[in-house]
Amino acid sequence: MVQMTEIRSALQRVIDPELGADIVDLGMVKNVQMDGGHVTVKVALTIAACPLRDQIENEVRRKLLAVPGVTDVTIEIGAMTQAERTALMERARLRAREEAEPTMVHPNTRVVAISSGKGGVGKSSLSANLALALAGQGHKVGLLDADIWGFSIPRILGLGGERLEAGMDRRIVPASAHGIQVVSTGLLLDDEDTALMWRGLMLSKALEQFLRDVAWDQDLDYLLLDMPPGTGDVQMALSRLLPQAEMVVVTTPQLAAQKVAARVADMARRSHMPVIGVVENMSGFTTPAGEHFPLFGSGGGRALAEDLGVELLGAVPIDPRVAEGGDAGNPVVVADPTSPSAVAIAAAAKALTTLLPPIADDGCSARLTLVAEQLAKMGA
């Protein structure tokens with residue numbers, strides 16, 4: 001049975017992209033009612049004609065439907081009273097003074113965790129190529145290698161000789177590769193063969209530092225996280241540090257991989273992190289003559305997507321050029337964009353942006369944010 005505490009926790013993960021706080025803390029949630037699996041929530045916006053109305057409504061619906069047991073959501077949109085807008089203004093001023101953003105990742109940045117239930121499904125190669133495909137479609141993209149132990153992003157992107165350095169403000173400056181920002185523990189070590197023998201607390205602290213001490217561009221459209229496989233410390237830390245994060249699950253076609261991938265999706269939903277789609281990797285091999293061989297079976301990705309109630313974003317075929325490009329530091333999306341694998345990854349990137357379009361830069365609260373920052377500077 002759905003509990004009100006779960007509903008409230010899900011609503012607290014809906015972030016106003018301009019004020020950088022959740023809609024519960026901002027006083028925008030006025031009433032919540034539950035009837036079995038049907039949840040009705042009343043949300044008050046700053047003005048009735050708020051340009052971000054559809055975006056906020058969609059975020060509320062997706063977050064609530066991620067709660068186990070919730071089957072339907074009704075959202076009633078209203079407008080704040082003058083007194084409520086005044087109270088919101090006070091909260092905005094307080095946040096501006098105290099710099100309450102918990103990380104250097106801007107609230108307007110879409111955060112997508114590329115995850116898998118187990119290793120060996122090509123998650124890192126897919127993360128790197130997906131980030132480059134998004135950049136190739138005109139978006140500003142960052143890529144965080146959150147696989148602290150098993151980092152491979154630097155080699156895939158040709159960053160073997162690069163090292164992270166601190167800027168004038170003592171923040172870590174991301175590396176740059178093929179037009180995207182990149183951070184990885186592999187960029188902190190002199191030798192990529194060095195083993196990181198870190199326990200759970202150090203893993204979550206490393207992720208925390210990469211989010212709080214890295215000078216990520218504030219106008220990033222997307223930040224992709226190449227997650228470690230499974231459901232451990234890093235995954236749990238992510239749900240705490242980045243409440244706006246959403247997950248894409250990577251699987252291969254066979255039933256065993258599908259069942260393992262379902263576990264990471266279950267963990268995400270227990271943490272109120274929406275799963276937005278599935279990508280099936282290694283989806284069969286097609287010879288130059290056109291003959292197709294489903295080496296790892298078929299249909300696993302679509303079956304998983306249907307079980308989770310999300311979209312199958314794409315099916316990426318087995319392609320030797322993916323491994324060759326990763327070994328050479330020249331990913332297939334850049335090296336051979338017309339290859340079947342690159343085309344499939346580009347299509348998955350396009351499907352992702354359709355589900356999660358870049359967040360608008362202006363809306364109903366923009367003027368409040370500007371005024372709050374001005375008041376904070378004046379010490380009001």
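The values are calculated or read from the model by the stated rules, or taken from the named source; none is laboratory data. Keep in mind the model is a prediction, meaning the values are calculated, not measured. All Cβ positions, even for glycine, are placed from backbone atoms using ideal geometry, and neighbour counts span all protein chains on display.
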### Task
Any residue in region 139-158 that's in the same structural domain as His178 (by TED's automatic domain parsing) and among the basic types (Lys, Arg): show its pairings with residues that are modelled with pLDDT under 85 and not in a strand (DSSP E or B) at Cβ separation under 7 Å, as long as the two are six or more apart or on different chains.
Arg155/Glu192
### Task
Report, by residue number, each residue of region 211-259 that is in a loop (DSSP other than H, G, I, E, B) and charged (D, E, K, R).
Asp213, Asp217, Asp219, Asp221
### Message
Pull out all pairs, ordered by first then second residue, where Cβ-Cβ is under 8 Å, the residues are six or more apart or on different chains, the first lies in region 322-333 and is more than 16 Å from Met282 (Cβ to Cβ), and the second is among the basic types (Lys, Arg).
### Response
Asp327/Arg155; Gly329/Arg155
### Query
Which one of these does Ala289 not meet: (1) in a helix (DSSP H, G or I); (2) farther than 19 Å from Lys350 by Cα?
(1)
### Query
Do you know which of the residues in region 42-74 that are farther than 22 Å from Ala268 by Cβ and aliphatic (A, V, I, L, M) is surrounded by the fewest Cβ atoms within 10 Å (Cβ to Cβ)?
Ala49
### Task
Kindly establish whether Gly314 is outside any helix (DSSP H, G or I), touching a residue at least 24 places away in the same chain (Cβ under 8 Å) and crowded, with 20+ Cβ neighbours inside 10 Å.
yes
### Task
Quick one: which residue in Val24, Val32 is out of contact with any Leu (no Cβ under 7 Å at 6 or more places or on another chain) and of a type in the set (A, V, I, L, M)?
Val32
### Task
Would you check which residues across region 32-54 are within 14 Å of Ile7 (Cβ to Cβ), in contact with an Asp or Glu (Cβ under 8 Å, 6 or more places away or on another chain) and not basic (Lys, Arg) and list them?
Gly37, His38, Val39, Thr40, Val41, Val43
### Single match in Val43, Val60, Val24 (criterion: free of Cβ contacts under 8 Å to residues at least 60 places away in the same chain, among the β-branched types (Val, Ile, Thr) and assigned to a strand (DSSP E or B))
Val43
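Quick grid of which residues meet (1) modelled with pLDDT of 95 or more; (2) of a type in the set (Ser, Thr, Tyr); (3) surrounded by fewer than 16 Cβ atoms within 10 Å (Cβ to Cβ):
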position	(1), (2), (3)
Ala261	no, no, no
Ser283	no, yes, no
Pro288	no, no, yes
His292	no, no, yes
Val310	no, no, no
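Residues checked against (1) small (Gly, Ala, Ser); (2) on the phi < 0 side of the Ramachandran plot:
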{"residue": "Thr252", "(1), (2)": "no, yes"}
{"residue": "Ala256", "(1), (2)": "yes, yes"}
{"residue": "Ala262", "(1), (2)": "yes, yes"}
{"residue": "Arg269", "(1), (2)": "no, yes"}
{"residue": "Met273", "(1), (2)": "no, yes"}
{"residue": "Leu312", "(1), (2)": "no, yes"}
{"residue": "Gly329", "(1), (2)": "yes, no"}
{"residue": "Val334", "(1), (2)": "no, yes"}
